[in-house]
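The values are calculated or read from the model by the stated rules, or taken from the named source; none is laboratory data. Quick caveat, the model's predicted, so the values are computed rather than measured. Cβ sites come from the backbone with ideal geometry, for glycine too, and all protein chains shown count toward neighbours. Just the protein is used for accessible areas: all its heavy atoms, side chains included, with ligands, DNA and RNA removed. Shrake-Rupley method; radii C 1.70, N 1.55, O 1.52, S 1.80 Å.
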Amino acid sequence: MTANTFGVSVPTVTTTVRKFCNAIQEHLWATYIHLPKDVPSLERLVTGWQQRTGFSIILDEVDGTHISIMQPYIDSQDYYSYKMKYTLNVQGVCDFKGQFIDVDIRWPGATHDAKVFSYSSINRILQQHTQPYLWRTILPGRDKAGLILLGDPAYPLLPHVMKEFASCSDNSSF
């Protein structure tokens, strides 16, 4: 569609899009998409979530999305997702303003969100506490809790990942 709209060939559009994406990755990615590098930056994220939700240990939200692609020639079955089309499974982590702080774009569409997360840098960082980290006291006189990501039901329940919980009483089929 882009080639037709601008009266250029499909290979020209493909080359241009690839160069554009490479330029973003090389020159702008680290400037705009990055985890907090120091405690004050981390504190601002947590405070933003606390003001928005009243919950004091949220770091960010994590979710996956599927980007449609043309059928690959190699291992095409790996890219055929539950959406009934060929996709890339992209994981994004957003702050309280909805701005990306981490993105993982390397998985075929048939890959489950939990697997994408298990191999992601944000998971490793939160498990190993390799970035600046905060501990918060939620209830006076109790142990401190670490920061968490909010995820949907596709994500595993971990010490650093919280997801919604639906009880059996909420399900009308029981």
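Yes/no matrix, rows are residues, columns are (1) in a strand (DSSP E or B); (2) open to solvent by 70 Å² or more (accessible area, probe 1.4 Å); (3) more than 22 Å from Trp29 (Cβ to Cβ):
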site	(1), (2), (3)
His66	yes, no, no
Ile74	no, yes, yes
Gln91	yes, no, no
Lys97	no, yes, no
Ile101	yes, no, no
Trp107	yes, no, no
Ala114	no, no, yes
Ile122	no, no, no
Pro132	no, no, no
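Selection over the stretch 8-53 of residues that are open to solvent by 60 Å² or more (accessible area, probe 1.4 Å) and either of a type in the set (A, V, I, L, M) or on the phi > 0 side of the Ramachandran plot (or both) gives a count of 6.
Of the residues Ser68, Ser9, which single one is under 18 Å from the mean Cα position of the chain (by Cα), modelled with pLDDT of 85 or more and more than 20 Å from Asp102 (Cβ to Cβ)?
Ser68
Write out, first by first residue and then by second, each pair whose Cβ atoms fall under 9 Å of each other, whose residues are 6+ apart or on separate chains, and whose first residue, in the stretch 128-145, is on the phi > 0 side of the Ramachandran plot while the second is of a type in the set (Gly, Ala, Ser). These pairs meet every condition: His129/Gly146. Close contacts from the stretch 154-174, counting a first residue that is more than 23 Å from Lys144 (Cβ to Cβ) and a second that is modelled with pLDDT of 55 or more and in a loop (DSSP other than H, G, I, E, B), with Cβ to Cβ under 8 Å and a gap of 6+ residues or different chains, come to Ala154/His112; Glu164/Asp152; Glu164/Pro153; Ala166/Pro153.
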